[in-house]
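Working notes, structure below.
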Amino acid sequence: MTEPTPRRAVLVAALAVATAATAATVSGGSAAAAPPTPPVPPAPRTPGRTVDNRFWYSYGHWLAGTHQGTTAVGGARPGLEIATAVGRTEYADPHTGRKSTWEYATWTSPVHRSTVPATEAIASWNARTPAGTWIQIELRGTYTDGTATPWYVMGRWASGDGDIRRTSVDGQSDGRSTVWTDTLALDPPAATAGLRITAWQLRLTLHRRPGAEHGPTVRLAGAMVSDVPDRFTIPASTPSRTAHELKVPRYSQEVHAGRYPEYDNGGEAWCSPTSSQMIIEYWGGKPAPSALTWVDPKYSDPQICHAARSTYDAAYKGCGNWPFNAAYAATYRGLAGVVTRLTSLTDLEALVRSGIPAITSQSFRPDELTGAGYGTAGHLMTVIGFTAAGDVIANDPNSRDNPAVRRVYKRAEWETIWLRTKRVGASGKVASGSGGICYLYAPARLSRAQFRALRAVGVL
């Protein structure tokens, strides 16, 4: 029903040791450190905006930036690949104890001047990683005062788990910002004092076995940065009064309770991969039968077990790493996936009308969402439509079985539990909310309506 204890709460106690560990945690990357980013003035801020997205995905995008052994490749879906390895590195996998030698090449993005001086950043990437390959994604921000963060590792990722264990990297901090699993966030004292991230860039390191002819292909990379104000309540948006519902498959995570506890204690915690699989199949994606041979044939919906294994973060010890879910969705042919924030249910209505469902992250007490019948510190659901009154139609994976997954939730309640950043938990203590976090999966080749909808909500 829930994600593990929210990532920020788990790691707050580690802040004291995070600063001392910074040098160790940002080392171990493959490429030599780049020179410090010079001071970058912020881009003009659009009044009222709290979210800024920048993703690289076209051939022209991949030609830009700094290449060290990488090259842009064209075709129906352009990408970034290794042309010539520029070095070798030994990676000691902390989750398996195995040491392996890899050759690598790197690409460093142009500096992106954000239109929103930000307190948080979340990276996204889409890649193909055949056996014997993996990628590392790093992000470096420029603060308001012109100084830079370290190169923070936002993920070490492969679609499979035979070469390395897919993982976030704990303990990264410079005393002013910290990486909480998948989110780079300014520490409260710095944020309260007005410090912000005004610009940022990515560094991608592509790894392959020494002497291999081919390596990974990165199809999309970028980040969403945001400065969502602290808020307990959200003004209700005006519904469009037009009913619309998408035919998204329904899957229950509860059906899988107790299955494969090595992946986040089994199905009880699989809300994120279950939601991801629903939308993947809405777009026509299905795992190959060969990918499911490890699943007990007695289990129903084996693709949900596959999704859990394919999104599992060995450091977080859960399947709720947001970018790992988007990256998993993009392993299916023709699909792209990103993590972003939206600002209202009006945004979601526009996406649904264009044919794009969305996965949203919310937390609530049992009395805050009528008809749910449970409370949660963090839960993912799939928004598939709206009633004529504007209420939310959601596929809620926390349901007893697949037919029970479709739910209708009151608009005002939903908008608050999804968009707020602060809430009062069941214990009476103040806890965090997601602030509008959303996974968006859509075809890499969009229809005009889909392109317009994604542009309207600020993703493109």
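The values are calculated or read from the model by the stated rules, or taken from the named source; none is laboratory data. As the structure is a computational prediction, the values presented were derived from the model and not from experiment. Neighbour counts are summed over all protein chains in view; Cβ atoms, including those assigned to glycine, are modelled from backbone coordinates with ideal geometry.
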Where residues in the stretch 425-460 are without any contact (Cβ under 8 Å) to a residue 24 or more places away in the chain and not in a loop (DSSP other than H, G, I, E, B), which of them is farthest from Y282 (Cα to Cα)?
-> V430
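Yes/no per residue for (1) assigned by TED's automatic domain parsing to the domain that holds S344; (2) over 25 Å from A336 (Cα atoms); (3) buried (at least 18 other Cβ atoms within 10 Å of the Cβ):
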position	(1), (2), (3)
L220	no, no, yes
A257	yes, yes, no
C271	yes, no, yes
L292	yes, no, no
C305	yes, no, yes
N321	yes, no, yes
Tabulated pairs, the stretch 54-76, first of a type in the set (A, V, I, L, M, F, W, C), second loosely packed, with under 15 Cβ neighbours inside 10 Å, C-beta under 7 angstrom, 6+ apart or interchain = A64/P110; A72/Y59; A72/L63
Please work out which residue is surrounded by the most Cβ atoms within 10 Å (Cβ to Cβ), limiting yourself to the stretch 72-96 and to residues that are in contact with a helix residue (DSSP H, G or I) (Cβ under 8 Å, 6 or more places away or on another chain) and not in a loop (DSSP other than H, G, I, E, B).
-> L80
Could you say whether any residue in the stretch 249-269 is at pLDDT 95 or above, closer than 30 Å to A118 by Cβ and among the hydroxyl-bearing types (S, T, Y)?
-> no
Pairs, please: C-beta under 8 Å, at least 6 apart or cross-chain, first residue of a type in the set (G, A, S) and in the stretch 175-187, second part of a loop (DSSP other than H, G, I, E, B)?
-> G175/D187; S177/T149; S177/D187; A185/T119
Subset of the stretch 372-405 [part of a strand (DSSP E or B), β-branched (V, I, T) and over 20 Å from the mean Cα position of the chain (by Cα)] | V392, I393
Residue check, P35 against (1) part of a loop (DSSP other than H, G, I, E, B); (2) surrounded by fewer than 16 Cβ atoms within 10 Å (Cβ to Cβ); (3) at pLDDT 95 or above, all met but one. Which one?
-> (3)
How many residues are outside any helix (DSSP H, G or I) and of a type in the set (G, A, S) when one looks only at the stretch 265-298?
-> 4
Name the one entry in T242, T198, T205 that is part of a strand (DSSP E or B) and more than 16 Å from G141 (Cβ to Cβ).
-> T205
Residue pairs meeting the criteria (Cβ under 8 Å; at least 6 apart or on separate chains; first assigned by TED's automatic domain parsing to the domain that holds T346, in the stretch 238-251; second of a type in the set (D, E) and assigned to a loop (DSSP other than H, G, I, E, B)) | Y251/D301
Working only within the stretch 421-460, note down all residues that are loosely packed, with under 15 Cβ neighbours inside 10 Å and in contact with a Ser or Thr (Cβ under 6 Å, 6 or more places away or on another chain).
-> A449
Out of curiosity, is L195 aliphatic (A, V, I, L, M) and within 15 Å of Y104 (Cβ to Cβ)?
-> no
Only one residue in A191, A212 is hydrophobic (A, V, I, L, M, F, W, C), in a helix (DSSP H, G or I) and over 11 Å from G155 (Cα atoms). Which one?
-> A191
